[in-house]
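Student: Got a structure for you, written out below as structure tokens; questions coming shortly.
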Amino acid sequence: MLAGLAVILTAVGVYAIYTIVQLRALEDLQAKTIDRNRTDSHVLLRLQNNLNSIALTLRDMLDGSEPYPLTAWRGQFQRIHTDLSDALAQEEKYAPLERSADQRGYLTRSVAEFWDALDRLFGLAAAGQEQEARTLIRLSLQSRQEALSTLVARLLVQNNETEQVAAERTHGIYARAERNVYLLLAAMLVLIAATGVYLVQSNRRMFEQVAALSELRSELAQQLISVQESSFRSISRELHDDFGQILTAVGVMLQRAERHIAQRPEDLRADLREAEEIVQSTLEKVRSLSRALHPVILDEMGFEEALDQYLPGFQKQTGIEIHYEKDGPGRELDRGVSIHLYRVMQEALSNIARHSKSARAAVRVHFSPEKVVLEVEDEGVGFGGQEKQGLGLVSMRERAEMVKGRVEFLDGSSGGALVRLTVPLEPVSST
Amino acid sequence: MTRRTFLLSAVSAAAAVPAFDPGFRLVDATAAAGIRFQHNSGAFGAKYLPETMGSGCAFLDYDGDGWLDILIVNGMDWPGHKRQRTTMHLYRNNHNGTFTDVTERAGLAVEMYGMGVAVGDYDNDGFPDILITAVGQNRLFRNNGRGRFLDVTEKAGLGGRNAFSASAMWFDYNRDGLLDLLVCNYVKWSPEHDVFCSVDGKRKSYCTPEAYHGSTCWLFRNRGDGTFEDVTAASGIFDTTSKSLGVALVDYDRDGWPDVLVTNDTQPNKLYRNRRDGTFEDVAVRAGVAFSEDGKARAGMGVDTADFDNSGATGIAITNFDNEMMGLYRPVPQGTFADIALKAGVGQPSRDSLGFGCAFLDANLDGNLDLVAVNGHIDETARHVRNVGYAQPAHLFLNNGKGGFHDVAPAAGSGFASPKVGRGLAYGDFDRDGDLDILVTTNQGPAFLYRNDITSGNRSLRLRLVGTKSNRDAIGAVARVWTPDGGQTRMVKTGSSYLSQSELTLTFGLAQRDHADRVVIEWPSGAVQEFKNVRTAQYECVEGQPLRGV
């Protein structure tokens, strides 16, 4: 998912950079070509408008519909002159960069020549030579006006063509940007879809695992309750069957001893000895039960001593021959660690006794500065590919987790089962 | 309470909210006054351009009895399509709110294709003379002082001129004490050269002026002997690109010499600055009134000039085509104007209006000049294409004195804002109650006389100026009035609006005050008179003499 996110962010970043580059190109095109061209076209239109006004005025001067002398038009031309001169100054300022100096100068010179001719016209008119002035309009001024108008029209066409080229370039930039938007959208869509599918699958697996764990925990809880009840029942039976009968027997012996005090004092000693033996035996049983519930020796002497005491008892009770090895420098283990090591060892041996049908078993403890490894191996039938989900195995796994260790259920070298518990240790301080 | 009764009570409560009271009512007094005028454009289906442009009207006191009379210009049937005989109409004021049609008696029952009117005492005899502009030959009617007008066109040297004339203005451009005449001409048009135009692409409609050549305005200098000299070319007014409809007097550079503002339809407006030597120079572009703020030559129609912000300097209002908004120009330093129409609240409400006549007048007499404009499209097919009405409501923008205007025409009452094909607009106090009444003409329709009834109790100070050294009408004279609320400035002028002329008497609204602290009159001759503690009333002020109540 992080990879997907990274890809998306990279794609967006790359697209943003691309878009900025395109926008700058567009901005440059807009400022240097389109805007300037458009402004110049407006100025040219203003020039054309002035030239049209000149044409209309010249026509009015010739058609004789006004009862005024030709000099009356001087003021009208002065207004046009003012505006046209301003427009020409603007034109020089905004002419497209590709227009040559000769082209620029030609328009200005042509306009100046027109005004010179117009001055000659008004000179003739002021001198009363109206007919000559009208001839000058027809032969010179109208032709000059038309030439100027054609020139301005040609410049406008050039501007239009430049604008068309710029428009095509702009269109190209927009088309590329549009295509890339679609590409980006498609890529984003694919990535989002893939991420979505992955998330769905991942969530499904997670929910399945949660459901399985929940079921397992429920089962374990039931088994724990069952084991607890079984333990209580066992203790109760021990108390009732063994200690109850023993204490009853001790009571009967003590009554008998009381009777012997008066009648047969010599039997009193034998009674007391018998009672003493029974009490001694009972004490052993109590100790054994106590050890089964919690090995006190573990607290008092440590893990290795507890092993030394437990293994012979197990061998004796089950008849399974135990081969015990220890290597590495032994060290005192934390009580929290040693109880779990001890219980895992007990559980593994118990499993061997119940399921392995093995006559021999090996218990190996390996100490190193950073860990302790406990191995319990038998020569029996092994796990045989069975599901390793029994309560005992689960409890071993839980215990391993509690000490941040790892338990492995392996096949041993002789085909039997091998249980290996590895527990990391805190480094020993040098002090 | 049920939902229905709740809604009904809510509606009743809303209805009970008092309508906005502008402080005056405009009462349609047309019928009661006996004004039964019907404009004849001569339209017979050919849709000749002049048919949609007229006509104008005027308030004048032609008989000098101190009561305003009314003149309404009329068109006529086109040659070859005669159905009726129509003439302009002169209505004499009966001093009781009614008028009598005295057209025949006054010698004005002249059939002509009349467009506009300009009233001025060009011969300084104390009786107003009349120029009627027309499609064809304009006519100058001299008032003989005995209730009759004489056609002196030829005698005055104004004959032999055919044009499509529009507004005209009397003013003394050379300050010689004689009224000169400026006539606006629209375009070069004749029935023979009529152009087919269409708004919807199917039916013929009235053309906009792009279809026709422009036509120069004329300036005639009064020689003082009853004749006029054409100084159009010599004065620099000559301009064949102009398509002029409106003209207004303005002292743009405040030098005491009258300048001229001409509004052109689809051409740049012209502001002719008086160079004091008998010539003018066009400074419209420099002054910022030639084009709209976005550099477009609008369809300038009507125009008026006045000190609407009481700054002492003159502002300008120009009506334009629909979608162009009115122009409202405020003077700014360096002799230029800024169009504040949008900012002042005039632009947006007038965006859909095609305006013609317009005038600054203090409708509610609060001391701030309000702005009235009448509107109406040029072609009835416009409503199908441009989504604007052919008949359109008038605007009455009330000036709040803080640079803002608010259209209160609907609240003015009596159908003032009901849609009309408005053209001419003039104002004057025909009932002599101290406030300004309004006269409106419509194209191919009736004229409307709206009597102003002030409801707020505001008062006015009115001055009728009579020149002695200056021209008798005192055109170009400036009066300034001060109260503790500030100063107001008015100029005596003809022209303005569209094809129309308002009264020459100046009206100053003093709100609830009963006197002005100071009144100063600057005469065209250069003389200045000052009066103090002038009570609200109507006065006549003869140049060089004290005020006299009339």
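Student: Return the only residue of A:292, A:275, A:249 being in contact with a Leu (Cβ under 7 Å, 6 or more places away or on another chain) and in a helix (DSSP H, G or I). Working first, answer last.
Tutor: On the way: A:292 fails: in contact with a Leu (Cβ under 7 Å, 6 or more places away or on another chain); A:249 fails: in contact with a Leu (Cβ under 7 Å, 6 or more places away or on another chain).
On inspection, the qualifying residue turns out to be A:275.
Student: Next question, about the same structure. Is it the case, given these coordinates, that residue A:141 is within 30 Å of residue A:64 (Cα to Cα), in the same structural domain as residue A:68 (by TED's automatic domain parsing) and surrounded by 14 or more Cβ atoms within 10 Å (Cβ to Cβ)?
Tutor: Taking the combined requirement at face value, the residue satisfies it.
Student: Got a number for residues in region B:364-413 being closer than 30 Å to residue B:509 by Cβ and not small (Gly, Ala, Ser)?
Tutor: Residues that pass the stated criteria total 24.
Student: Considering only residues that are within 14 Å of another protein chain (Cβ to nearest Cβ) and not hydrophobic (A, V, I, L, M, F, W, C), look in region A:80-105 and name the one that is nearest to the chain's Cα centre (by Cα).
Tutor: Of everything passing the filter in region A:80-105, A:90 is nearest to the chain's Cα centre (by Cα).
Student: Could you please give the count of residues in region B:87-118 that are over 23 Å from the mean Cα position of the chain (by Cα) and either surrounded by 21 or more Cβ atoms within 10 Å (Cβ to Cβ) or in a strand (DSSP E or B) (or both)?
Tutor: Total meeting the criteria: 2.
To keep it simple, each residue is scored yes or no on (1) over 21 Å from residue B:325 (Cα atoms); (2) touching a residue at least 40 places away in the same chain (Cβ under 8 Å); (3) in contact with a strand residue (DSSP E or B) (Cβ under 8 Å, 6 or more places away or on another chain).
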{"position": "B:420", "(1), (2), (3)": "no, yes, yes"}
{"position": "B:428", "(1), (2), (3)": "yes, yes, yes"}
{"position": "B:439", "(1), (2), (3)": "yes, yes, yes"}
{"position": "B:444", "(1), (2), (3)": "yes, yes, no"}
{"position": "B:448", "(1), (2), (3)": "yes, yes, yes"}
{"position": "B:455", "(1), (2), (3)": "yes, yes, yes"}
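Student: Among the residues of region B:423-462, which ones are charged (D, E, K, R) and closer than 28 Å to residue B:542 by Cα?
Tutor: B:429, B:431, B:432, B:433, B:435, B:437, B:459, B:462
Student: If you check every pair at least six apart or on different chains, which have Cβ atoms under 7 Å apart with a residue in region A:173-188 that is touching a residue at least 40 places away in the same chain (Cβ under 8 Å) first and a residue that is aliphatic (A, V, I, L, M) second?
Tutor: What qualifies is A:173/A:25; A:173/A:26; A:184/A:11; A:187/A:11; A:188/A:8; A:188/A:11.
Student: Now for a different question. Do any strands (runs of 3 or more DSSP E) lying entirely in region A:329-431 carry at least 1 residues that are within 24 Å of residue A:296 (Cβ to Cβ) and in contact (Cβ under 8 Å) with a residue 12 or more places away in the chain, and which ones are they?
Tutor: Ranges flagged: A:360-368, A:371-378, A:417-424.
Student: Are there any pairs, at least 6 apart or on different chains, whose C-beta atoms fall under 6 Å, with the first in region A:123-135 and exposed (fewer than 15 other Cβ atoms within 10 Å of the Cβ) and the second of a type in the set (Val, Ile, Thr), and if so, which?
Tutor: A:126/A:71
Student: Now for a different question. Output the residues belonging to region A:213-241 that are free of Cβ contacts under 8 Å to residues at least 60 places away in the same chain and of a type in the set (Val, Ile, Thr).
Tutor: Correct list: A:225, A:235.
Student: Also: When you scan region B:138-161, do you find a residue that is modelled with pLDDT under 95 and assigned to a strand (DSSP E or B), even just one?
Tutor: Taking every residue of region B:138-161 in turn, none turns out to be modelled with pLDDT under 95 and assigned to a strand (DSSP E or B).
Student: Can you tell me which of (1) surrounded by 23 or more Cβ atoms within 10 Å (Cβ to Cβ); (2) touching a helix residue (DSSP H, G or I) at 6+ places or on another chain (Cβ under 7 Å) is the one residue B:241 doesn't meet?
Tutor: (1)
Student: Check whether at least one residue in region A:61-79 is farther than 18 Å from residue A:124 by Cβ, more than 12 Å from every other protein chain (Cβ to nearest Cβ) and surrounded by 15 or more Cβ atoms within 10 Å (Cβ to Cβ), and report yes or no.
Tutor: Scanning region A:61-79 turns up no residue that is farther than 18 Å from residue A:124 by Cβ, more than 12 Å from every other protein chain (Cβ to nearest Cβ) and surrounded by 15 or more Cβ atoms within 10 Å (Cβ to Cβ).
Student: Separate question: Among A:163, A:215, which is the only one that is within 30 Å of residue A:51 (Cβ to Cβ) and among the acidic types (Asp, Glu)?
Tutor: Just one listed residue meets the conditions, A:163.
Student: If you take the residues of region B:164-216 that are at positive phi and modelled with pLDDT of 90 or more, which of them is nearest to the other protein chains (Cβ to nearest Cβ)? Full working, then the answer.
Tutor: If we filter region B:164-216 for residues that are at positive phi, which is where we start, we get B:175, B:177, B:201.
Okay, now just the ones that are also modelled with pLDDT of 90 or more, so B:175, B:177.
Working: B:175: 22, B:177: 27 Å.
This residue is B:175.
Student: Among the residues of region B:142-165, which ones are of a type in the set (D, E, K, R), closer than 15 Å to residue B:132 by Cβ and under 25 Å from the mean Cα position of the chain (by Cα)?
Tutor: B:142, B:151, B:161
Student: For region B:69-86, what are the residues that are surrounded by fewer than 16 Cβ atoms within 10 Å (Cβ to Cβ) and polar (S, T, N, Q)?
Tutor: Residue satisfying the conditions is B:84 alone.
Student: Could you check how many residues of region B:256-279 are within 14 Å of chain A (Cβ to nearest Cβ), in contact with a Ser or Thr (Cβ under 7 Å, 6 or more places away or on another chain) and closer than 18 Å to residue B:491 by Cβ?
Tutor: Qualifying residue count for the region: 1.
Student: Which members of region B:507-550 meet the condition of being of a type in the set (Asp, Glu) and either touching a His at 6+ places or on another chain (Cβ under 7 Å) or outside any loop (DSSP other than H, G, I, E, B) (or both)?
Tutor: B:517, B:522, B:530, B:540
Student: Next question, about the same structure. Considering only residues that are crowded, with 19+ Cβ neighbours inside 10 Å and either in a loop (DSSP other than H, G, I, E, B) or more than 9 Å from chain B (Cβ to nearest Cβ) (or both), look in region A:49-60 and name the one that is nearest to the chain's Cα centre (by Cα).
Tutor: If we take residues in region A:49-60 being crowded, with 19+ Cβ neighbours inside 10 Å and either in a loop (DSSP other than H, G, I, E, B) or more than 9 Å from chain B (Cβ to nearest Cβ) (or both), then A:50 is nearest to the chain's Cα centre (by Cα).
Student: Within region B:293-326, how many residues are more than 24 Å from residue B:211 (Cβ to Cβ), of a type in the set (Gly, Ala, Ser) and modelled with pLDDT of 95 or more?
Tutor: So the answer is 3.
Student: Here is a follow-up. Would you list the strands (runs of 3 or more DSSP E) that sit entirely within region B:276-356 and hold 1 or more residues that are hydroxyl-bearing (Ser, Thr, Tyr)?
Tutor: B:303-306, B:327-332, B:336-339
Student: Counting only residues that are among the aliphatic types (A, V, I, L, M) and surrounded by 20 or more Cβ atoms within 10 Å (Cβ to Cβ), which one in region B:198-230 is nearest to the chain's Cα centre (by Cα)? Reasoning before the result, please.
Tutor: First pass over region B:198-230, keeping only residues among the aliphatic types (A, V, I, L, M): B:199, B:211, B:219.
If we keep only those that are surrounded by 20 or more Cβ atoms within 10 Å (Cβ to Cβ) as well, we get B:199, B:219.
Numbers: B:199: 29, B:219: 19 Å.
Filtering region B:198-230 for residues that are among the aliphatic types (A, V, I, L, M) and surrounded by 20 or more Cβ atoms within 10 Å (Cβ to Cβ), the one nearest to the chain's Cα centre (by Cα) comes out as B:219.
The values are calculated or read from the model by the stated rules, or taken from the named source; none is laboratory data. Owing to the predicted nature of the structure, the values given are computational and were not obtained by experimental measurement. So basically every Cβ, Gly included, is an ideal-geometry build from the backbone, and we count neighbours across all protein chains shown.
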